[in-house]
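S.K.: Can you keep this structure in mind? I'll have questions shortly.
The values are calculated or read from the model by the stated rules, or taken from the named source; none is laboratory data. Every value quoted in this text rests on a predicted model; they were computed, and no experiment measured them. Heads up, the Cβs are rebuilt from the backbone with ideal geometry, glycines too, and the neighbour counts pull from every protein chain shown.
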Amino acid sequence: MKNIILLFISVTFISSILFSSSITRGPEVGEIYYIGPTVTTEGIYRSTDFGETAICVDSINMVARICADRTTGSIYKIDHSTNMFYSDNYGQYGSWVFRTSEGSYSLASGRIEGEIFKGPGMSSNDYGYTFTQHSLNGCFCSLKAFEIGDQDSTGYVLGDIYGINDTLWLLKTNDNFENLEIQHIFNWISCNSYFLSRGTEPGELYLLRFISTGDGSKIRELWYSSNFGENWIFKNNLISQNIVGGRQPGEMYVLANYVQLMGEIKHTYIYHSLDYGETFAVYHPFSHGPVPYFANFEAEPTTGTAPLTVQFIDLSSGDDIQSWEWDFQNDGIVDSYEQNPTFTYQDTSYYSVKLKIQYGPLNDGFIKANYIHVTENNSSNEEQVQISKTQLSNYPNPFNPSTIINYNLPMHIEKTNIEIYNLKGQLVDEIAINSQHTSVSWHAEDFSSGIYIYKLNIKNSLINKMILLK
């Protein structure tokens, strides 16, 4: 399937997933394993091309987690009774051998061949035949997530303390979980879900923060550290609770499984990033039934001076969505029921934005936290004129098969591109423009009917929409 680069990815699960999702990297570049749906049940899949295609190596039920080893063909699985099994043949049916019934649901692949961790308290160097207990001195908190480091004997524990609901502690070990010390303190709600995964370079860590708001809406945030968890940078709103670092610098994967309408809809998407989770190529190795339903949106601009008028564009997936509810300030008040509304922010602040969609019994909500930033208006009249020149329009609209896009470039920009997206957020075309002209034609003979979004590839360009009717 063709690579697709997303500006933001913001997909959430609508109905209950009928199985546990898990993804792990193999020892080779581009090799991943994951748990995903089959037409009739669920299975373990293996991909050697970054998730673009995948082969179901074993149909399974009730597997909680999988984890690949550094050894070619080695993979482990944990069932819902915490029994661990091992395969030396890529997880193929009939190759699984029972190892142990002791331990936890947590697994982490080792740094060398044959090394596997069952939580921070136990590790094996002989493919799970025998395990060594770790002392965990200095670990004063309950486990939320753990990961081993990319260097010898380093590792991490993320935990909380009962009764303290607004703090998380990241602990680091330099002696293979014998002793731990505080590395970072997060002022985050402890009752939410978290997941850690190491990258490729020394000190790299990915942290997925999953927040449930109580009304069915969800926030999933990807954070990144390049210095062993001392400092963190927000990277993106994510689609799933399942991430894993890759084998290349900046590489990471996100797994999204959808099972909706009692199994009539089953889909798997693999999101692959080479820039630390800022943009993703999207692969769709398994599909069954209609497209899944999930809320998604984009806005332009996301930053500016008050009063700031923002164009919101619905990028939700699903056929015949029946309603849209927008809350532009995340205050519990629905501000618009339009599909693609505009809203003017009058006061300076950071604003979180929520969109909820409805289709029959299915509904989904997604929040982008602190998404809109409104600042004080300190710019000159000349600067405001330059910003206003980033506007676009097209005629006719609707159109078939071509339309003229009118534009005015600011004086300091000689040339740029007009970017055209479909409603899934996929970049479908680019048109080169320059300051010597004020219009350009878009010929859409090779595109299907629908709503398309277009914008200038410059700061402060608003998003516009056009409709192709064939």
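S.K.: Taking the stretch 296-308, which residues are closer than 18 Å to Ser352 by Cβ and not in a loop (DSSP other than H, G, I, E, B)?
M.R.: Phe297, Glu298, Ala299, Glu300, Thr303, Gly304, Leu308
S.K.: For the subset of the stretch 47-69 comprising residues that are closer than 16 Å to Met252 by Cα and crowded, with 18+ Cβ neighbours inside 10 Å, which member is farthest from the chain's Cα centre (by Cα)?
M.R.: Once the filter is applied, the top-ranked residue is Ala68.
S.K.: I'd like the full set of residues that are closer than 13 Å to Ala369 by Cα and either more than 15 Å from the chain's Cα centre (by Cα) or acidic (Asp, Glu) (or both), limited to the stretch 217-232.
M.R.: Ser217, Glu221 - these are the residues of the stretch 217-232 that are closer than 13 Å to Ala369 by Cα and either more than 15 Å from the chain's Cα centre (by Cα) or acidic (Asp, Glu) (or both).
S.K.: Considering only residues that are surrounded by 16 or more Cβ atoms within 10 Å (Cβ to Cβ), touching a residue at least 24 places away in the same chain (Cβ under 8 Å) and either in a loop (DSSP other than H, G, I, E, B) or not assigned by TED's automatic domain parsing to the domain that holds Arg111 (or both), which ones fall in the stretch 72-87?
M.R.: Selection gives Ser74 alone.
S.K.: Residues that are within 27 Å of Phe85 (Cα to Cα) and either in contact with a helix residue (DSSP H, G or I) (Cβ under 8 Å, 6 or more places away or on another chain) or of a type outside the set (A, V, I, L, M) (or both): find the strands (runs of 3 or more DSSP E) completely inside the stretch 115-211 holding 2 or more of those.
M.R.: So the answer is 122-124, 142-148, 155-161, 193-198.
S.K.: Look through Lys218, Lys266 and report the one residue that is part of a strand (DSSP E or B), closer than 19 Å to Ser190 by Cα and in the same structural domain as Ile185 (by TED's automatic domain parsing).
M.R.: Unique residue meeting the criteria: Lys218.
S.K.: Applying the selection to the stretch 439-457, what residues are out of contact with any Pro (no Cβ under 9 Å at 6 or more places or on another chain) and assigned to a strand (DSSP E or B)?
M.R.: Once the filter is applied, which keeps residues that are out of contact with any Pro (no Cβ under 9 Å at 6 or more places or on another chain) and assigned to a strand (DSSP E or B), the stretch 439-457 yields Ser439, Val440, Ser441, Trp442, Gly450, Ile451, Tyr452, Ile453, Tyr454, Lys455, Leu456.
S.K.: Any chance the stretch 154-161 includes a residue that's over 24 Å from Asp275 (Cα atoms), among the charged types (D, E, K, R), over 22 Å from the mean Cα position of the chain (by Cα) and modelled with pLDDT under 90?
M.R.: The answer is no, given that none of the residues of the stretch 154-161 is over 24 Å from Asp275 (Cα atoms), among the charged types (D, E, K, R), over 22 Å from the mean Cα position of the chain (by Cα) and modelled with pLDDT under 90.
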